[in-house]
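**Student:** Dropping the structure in here first, questions after.
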Amino acid sequence: MPVPRSPARPPSSADVADALEEVSRLMELLGENPFKARAYDRGAHAVRHLGDAFAAHVEAHTLASVEGLGKSLVAAIDEFTRTGQLTLLTQLRRQVPPGVMELASVPGLGPRKARQVCAELSISTLGELEYAARENRLLHLKGFGEKTQLRILSALQARRAVSGRCRLDRADAAVALAAAALGSGWPATAVGQVRRRAELCSHVELLCAARDVDAVVVRAAAVLPAARVDGPGAVEFEAAPGVRGTLHVVLPEDAAAAQVFLTGSSAHVDALQAREPAWQLTAHGARRAAERVTFTDETAVYAALGLPWIPPELREDGDAVELARTGRLPRLVELGDLRGALHNHTTLSDGRDTARAMQQAATRMGLEYLGISDHSQSAFYARGLKAEALRAQRDELHSAMRDGGARLWHGVESDILQDGALDYPPEVLRELDFVVASVHSRYQATAQQLTDRLIRAVRNPYTDVLGHPTGRLLLSREGAAFDVAAVLAAAREAGCAMELNAQPQRLDLCVEHLRMCKRLGLKVCINADAHSTAELETLALGVSQARRAGLGRDDVLNTLDHAELQAWLRARRAGATGHTLP
DNA sequence: GCCGTTTTCGGCCCGACTGTTTTCAGTCG
């Protein structure tokens, strides 16, 4: 989507990258030379990667020295930065009916088929596409058949089921934007699903405490997107496309009780309410009969109910209240407990930053160690490493560590092949510090086949961590349908850890499966799966999901310090060399 | 369109799968 921009601000690298990316997608859709389309896409990547250095390149006219930017792209970028327009993009947009870009995003409908349904059936919206599929009109198109039509139909149904929700990282961004729009004079913080750290949010809610409630409401109604006043002290707005947002404004003395009520969930609030039926917790504060009850902060609210403070991540249902009452509230893992992270990528495969840059970023974050695990040889699409390249990487990591800082572990993200084997022979795997094994392809199999494949993978003595186990992509792909309990049990027996992949679109394993790990005593490894230095920050999202599942420090593998993790890995490797491979 | 050169053209990460076709195009990762 084109990013709206104020003319006063010069385009950022992200603005330029978005424009070039759109050019690429439109070219694909129009059936232009695929290599030309790819050149624009690569150019977009190159520009995005420049980040803050982009402005300096523009200033110094040195963009042509950036790999992937030739004469034409430099000229296009020049035009865009000077005028805020891109003639090429405008022309391409004119040739593609609105909505067709969206058609091409439906799984099973690539650029060719999207163009085909548009040209032959005059379809340009998802609604029209679904209607045509229901009427069996797609069947008559060349290259379409019963199964393609069915696949499109179910993809559209799945999409409708998730509409109106957004990922947690986007909800966080919406909270930050709304808070910034209000200004620092009226600080607003997240409540509701966002504060409970729900992986998907259908409602983005903020709370602001202010002496002059009406003034905040007036300001919010003026500055928040698509805002309208919705009752006393409440402003509704559009937090993200199709996602409802609400700003609640209360007097400072009512803020603590309102924060508890608005953070919810309703089941949690009901359980609290049951402990003191004479009280009434509301979005505007607490009342006893007609009398207002005030508190200094949330801890005081819980204390008045005879309870310790309950972390928001545990408020998804009413169960935590009983745990709190009986003193059995778990001590949850915290971001600061993580001593490092395994599973991260570098420029050698599909990452954006070098091992050295990743190491420096990890050092700045206070991590003791960082695992580097680029893709394995079968992952062509991600420029997976042949055995020789993998061996050469070891030297690169050693030299990156010369100046101190976070210790680098040398690993690999090995594809799990169709039969459950790893992607390198034992003599290659044995030289690595650790192995993350992940499925990246051929998800379409029977549940039994997938289960067998994953069980074989976790039983491989070189598999230390099973990466993004279900392969789900939030709002776009369901997790693979296999017997999770059986795979977790096999992993427990083999002593292999499960990944909690912290990428906001994955958050895989999910909370329910993480709870199963805890019950089994199976270690969970919280990994950023970072493809850039910035993505290391996603570890915080992973920690929030571990907390929702009630995981403590001891449940998480990478809370071990360097020496402890080394011992854990060595013990596994010792077991590995003592076994024959399955 | 970019890049590298066997330097002004030719190749561009590519293999597997699926569903359609009846030998292969399109999609995906």
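**Student:** Which value, in Å³ per residue, describes the convex hull spanned by the Cα atoms of chain A?
**Tutor:** 186 Å³
**Student:** A further question on this structure: Amide H of residue A:530 versus every other amide H placed in the peptide plane: which residues, excluding those fewer than 5 positions away on the same chain, fall under 5 Å?
**Tutor:** A:345
**Student:** While we're looking at this one, here's another question. Which aspartates and glutamates have a Cα less than 15 Å from the Cα of residue A:386, not counting those fewer than 8 places away in the same chain?
**Tutor:** In chain and number order, the partners are A:350, A:374, A:413, A:415, A:423, A:427, A:431.
**Student:** Along segment A:314-320, what does the Karplus equation 6.51 cos²θ - 1.76 cosθ + 1.60 (θ = phi - 60°) give for ³J(HN,Hα), rounded to whole Hz, x for Gly and Pro?
**Tutor:** Values per residue, Gly and Pro as x: 9, 9, 5, 9, x, 5, 5 Hz.
**Student:** Determine, for each peptide in A:545-557, A:121-133, A:273-285, the mean count of other beta carbons within 10 angstrom over its residues, then list the peptides with the highest first.
**Tutor:** A:545-557, A:121-133, A:273-285
**Student:** Mind ordering A:20-29, A:328-337 by average Cβ neighbours within 10 Å, highest first?
**Tutor:** Per-residue Cβ counts within 10 Å, averaged per peptide and sorted highest first, yield A:20-29, A:328-337.
**Student:** Let me ask something additional. Quick one: which residues, 5 or more positions from residue A:204 or on another chain, have an amide H under 5 Å from its amide H? H modelled 1.01 Å from N in the peptide plane, none for Pro or chain starts.
**Tutor:** For residue A:204, the qualifying residues are A:244, A:245, A:246.
**Student:** Multiply the residue separation of residue A:446 and residue A:212 by 0.36 nm, subtract the distance between their alpha-carbon atoms, and state the gained length in nm to one decimal.
**Tutor:** 78.2 nm
**Student:** Starting from the coordinates of the alpha-carbon atoms of segment A:167-325, obtain the Kirkwood hydrodynamic radius over all distinct pairs and give the value in Å to one decimal.
**Tutor:** Every distinct Cα pair counted, the radius reaches 15.8 Å.
**Student:** Quick one: which of A:134-141, A:147-154, A:175-182 comes out on top by average Cβ neighbours within 10 Å, and what's the full order, highest first?
**Tutor:** A:175-182, A:147-154, A:134-141
**Student:** List the pairs from A:36/A:147; A:36/A:113; A:113/A:147 whose alpha-carbon separation is above 23 Å, in the order I gave them.
**Tutor:** A:36/A:147
**Student:** May I ask for the distance between the Cα centers of segment A:174-204 and segment A:328-348, given as a whole number of Å?
**Tutor:** Cα centres, segment A:174-204 to segment A:328-348: 24 Å.
Values quoted throughout were computed directly from the atomic coordinates according to the rules given, and no laboratory measurement underlies them. From a predicted model like this one, the values you see are computed outputs, not experimental measurements. As a convention, Cβ positions derive from the backbone with ideal geometry for all residues, glycine included, and neighbour counts pool all protein chains shown.
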